[in-house]
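The structure appears right after this line, and notes come after that.
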Amino acid sequence: MEVLYDRHSRQAFGLAYRMLGDGAAAEDVVQESFLSVWRQSERIDTARGKLQSLVLTVVHNKAIDFLRSRKSGSYDLPLEPAVSKAVEGDFTDRVAAAVDGEVVREALDSLPDDQRE
């Protein structure tokens with residue numbers, strides 16, 4: 001689980017943050033997503049696709065659930081404004097840049113050697 005989290009948590013957070021616009025809520029969604037993947041780990045079949053895709057799909061679905069619950073008023077984020085402001089600073093910009101950079105690196109890695117050069 002530690003390796004899975006280390007490899008995919010930045011992208012998961014970047015996706016959740018882009019969808020929610022709230023660093024603390026994105027952290028909650030990412031944590032819930034990884035717990036969900038862990039709880040269902042015996043059902044994961046890597047032959048059906050990349051684990052990264054599964055993680056990001058779970059994050060996407062959890063973020064949508066969060067947005068729906070927030071609209072209905074059933075979820076209140078118990079954080080002070082100072083906490084969310086601290087999370088939204090330079091950190092989120094660095095995470096977004098890292099996510100974008102990783103997407104570009106993966107795309108380049110998928111090219112044949114002659115095209116990559």
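A few comments on the model shown:
- Hits in segment 42-64 (condition: touching a residue at least 12 places away in the same chain (Cβ under 8 Å) and within 21 Å of E2 (Cα to Cα)): L51, Q52, L54, V55, L56, V58, V59, H60, K62
- Enumerated helices (runs of 4 or more DSSP H) restricted to the chain, each holding at least 2 residues that are modelled with pLDDT under 80 and open to solvent by less than 70 Å² (accessible area, probe 1.4 Å): 81-88, 90-109
The values are calculated or read from the model by the stated rules, or taken from the named source; none is laboratory data. Quick caveat, the model's predicted, so the values are computed rather than measured. Note that we place each Cβ from the backbone using ideal geometry, even for glycine, and neighbour counts take in every protein chain shown. Areas reflect the complete protein model, heavy atoms only, side chains present, ligands, DNA and RNA absent. Shrake-Rupley method; radii C 1.70, N 1.55, O 1.52, S 1.80 Å.
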